[in-house]
Amino acid sequence: AARGMAERLLLTEGLDETSRLELAYQWVTARQPQAAVLEVLLDQLGVQREHYQDRTDAANELLAHGDSPRNESLDPVEHAAWMVVCSLLLNLDETLTRG
């Protein structure tokens, strides 16, 4: 789910990274992120980009998970970084439904 969400975000044209993060947050919570939340998400995106920058093999390994084929036109480093951020969003307490 996180890989597909990241792919959808990356393929949405005309958005900068802040707008993409706002859109992703809105998809999972149905509201806009507060400035402090957005700052944390931007920071985490940068951390993940830096982590995968010299670890393309690790990025490709991460992106290999899932049943659907990966969009090979996307940069694996960028895709992996966004996938981790999307996973973070999908696993927020406010995103999960508890029964």
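Remarks
- Consider the stretch 67-99 and keep the residues that are small (Gly, Ala, Ser) and open to solvent by 60 Å² or more (accessible area, probe 1.4 Å). The one that is farthest from ALA30 (Cα to Cα) is SER73.
- Residue among ALA64, ALA6 that alone is of a type in the set (Gly, Ala, Ser) and either in contact with a Pro (Cβ under 9 Å, 6 or more places away or on another chain) or open to solvent by 70 Å² or more (accessible area, probe 1.4 Å) (or both): ALA64
- Restricting the stretch 42-61 to residues that are out of contact with any Ser or Thr (no Cβ under 9 Å at 6 or more places or on another chain) and in contact (Cβ under 8 Å) with a residue 24 or more places away in the chain, the residue that is surrounded by the fewest Cβ atoms within 10 Å (Cβ to Cβ): GLN53
- Condition check for TRP27: open to solvent by 50 Å² or more (accessible area, probe 1.4 Å), closer than 17 Å to GLY4 by Cβ and of a type in the set (Phe, Trp, Tyr): yes
- Extreme residue, farthest from SER73 (Cα to Cα), among residues of the stretch 9-19 that are open to solvent by less than 80 Å² (accessible area, probe 1.4 Å) and without any contact (Cβ under 8 Å) to a residue 12 or more places away in the chain: SER19
The values are calculated or read from the model by the stated rules, or taken from the named source; none is laboratory data. Everything numeric here is computed off the predicted structure, so don't read it as measured data. Note that each Cβ is placed from the backbone with ideal geometry, even for glycine, and that neighbours are counted across all protein chains shown. Please note that ligands, DNA and RNA were not included when accessible areas were found on the heavy atoms of the full protein model with its side chains. Shrake-Rupley method; radii C 1.70, N 1.55, O 1.52, S 1.80 Å.
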